[in-house]
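A.B. asks: Before I ask anything, let me first share the structure, which is written out below as structure tokens.
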Amino acid sequence: MEEQKENRPEAARPPGKPQCRVSDQETNGKNTASKPNDFSDPVYKEIAMTNGCINRMTRDELRSKLAEFKLDTRGVKDVLKKRLKNYYKKQKLMQKDPINGDSYYDYICIVDFEATCEEGNPPEFVHEIIEFPVVLLNTHTLEIEDTFQQYVKPQINPKLSEFCVRLTGITQDVVDQADTFPQVLQNVVDWMRQRELGTKYSYCMLTDGSWDMSKFLNIQCRVSRIKHPSFAKKWINIRKSYGNFYKVPRNQTKLMIMLEKLGMSYDGRPHSGLDDSKNIARIAIRMLQDGCQLRVNEKMHAGQLMTVSSSTPLEGAPAPQMPRYRN
């Protein structure tokens with residue numbers, strides 16, 4: 001229904017209705033002296049008035065204005081509105097108080113594990129990680145700079161179910177020849193260290209939902225009798241970030257739906273951990289382009305999943321190191 005509504009021709013603008021004026025010229029006016037974050041500053045009134053104009057634009061007008069600013073014109077109407085509003089807001093606020101580019105993460109590491117599973121996922125089944133992918137996103141260039149992928153040999157259920165093989169595309173031969181989880185995790189740590197994450201460059205982890213870190217990694221660390229890695233105790237849940245930024249309900253934050261709403265299609269094989277991670281990275285790139293500051297919003301504390309407030313100071317993950325073994 002929503003797609004039909006989105007593609008329906010929009011009504012012509014009523015005679016005499018004022019046109020919105022959103023242009024680069026408008027963003028180059030003189031600054032008004034005020035205290036930082038003083039919302040009485042006239043700049044915020046200008047932003048609010050422009051937002052009202054943008055809300056009244058048709059989809060074609062939005063796309064035309066975005067094209068004028070050389071911005072992406074793909075996506076549903078609500079996404080286009082958000083993109084244009086954030087562009088204008090960023091231009092105005094940069095004049096008022098230039099943004100310090102050093103205050104954000106240099107890199108985001110996107111992770112989407114694949115794990116052993118059975119059809120219906122019985123509650124007593126122990127999920128073990130069988131694919132560990134990492135996609136390294138440079139937040140300055142907005143490009144995928146590097147990737148890591150290794151398969152993992154499961155210990156409790158070494159034989160994959162037919163359902164798992166069909167779902168993930170990972171075969172029995174692949175996991176039989178793979179290293180166990182502690183060795184793969186050590187390889188991940190070495191790979192991240194070689195890229196100077198947490199030392200020369202600030203970074204954080206990002207996942208599609210809560211389960212990768214709070215369930216799959218948590219269970220796997222218990223199975224392997226190692227502590228939860230410190231670098232993976234806080235992360236960005238992109239589903240939460242997407243829902244809050246574009247103001248959409250939780251049922252519209254699944255991977256395929258997010259891609260569709262942003263005007264993109266899935267690239268690769270669904271449920272391949274590396275391909276899923278690359279597609280999540282594409283969503284993250286689009287959100288950053290649209291003005292969203294992706295930031296840590298979830299963490300593990302004393303073995304429990306917790307929400308991180310958006311008012312919490314921005315802090316990168318620590319330099320990666322291999323966790324100690326449990327007693």
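A.B. asks: May I ask which of LYS200/LYS299; LYS159/LYS261; LYS65/LYS278 have a Cα-Cα span longer than 32 Å here?
C.D. replies: LYS159/LYS261
A.B. asks: Which order do the peptides 274-282, 190-198 come out in when sorted by mean C-beta neighbours inside 10 angstrom, highest first? Please report the intermediate quantities before stating the final value.
C.D. replies: Working: 274-282: 22.7, 190-198: 16.9.
Most protected by this proxy first, the peptides run 274-282, 190-198.
A.B. asks: Find the accessible area per residue for the range 107-307; the probe is 1.4 Å, ligands and nucleic acids are left out, and the unit is Å². Walk me through the intermediate numbers first.
C.D. replies: On the way: 8870 Å² over 201 residues.
With all protein chains present, the range 107-307 gives 44 Å² per residue.
A.B. asks: Sticking with this one: For Cα pairs less than 8 Å apart in space and 6+ apart in sequence, what is the mean separation divided by the residue count of the range 107-307, i.e. the relative contact order in percent?
C.D. replies: Numbers: 327 pairs, mean separation 48.5, N = 201.
Computed value for the range 107-307: 24 percent relative contact order.
A.B. asks: How much net charge surrounds LYS240 when only the other residues with a Cβ under 14 Å from the Cβ of LYS240 are counted, with Lys and Arg +1 and Asp and Glu -1?
C.D. replies: On the way: positive: LYS234, ARG239, LYS247, ARG250, LYS254, ARG295, LYS299; negative: ASP208, ASP212, GLU298.
Net charge in that neighbourhood comes out at +4.
The values are calculated or read from the model by the stated rules, or taken from the named source; none is laboratory data. Keep in mind it's a predicted model, so treat the numbers as computed, not measured. Cβ coordinates were reconstructed from backbone atoms using ideal geometry, including for glycine residues, and neighbour counts include every protein chain displayed. For the accessible areas, the whole protein counts, side chains as well, though only heavy atoms, and no ligand, DNA or RNA atoms are used. Shrake-Rupley method; radii C 1.70, N 1.55, O 1.52, S 1.80 Å.
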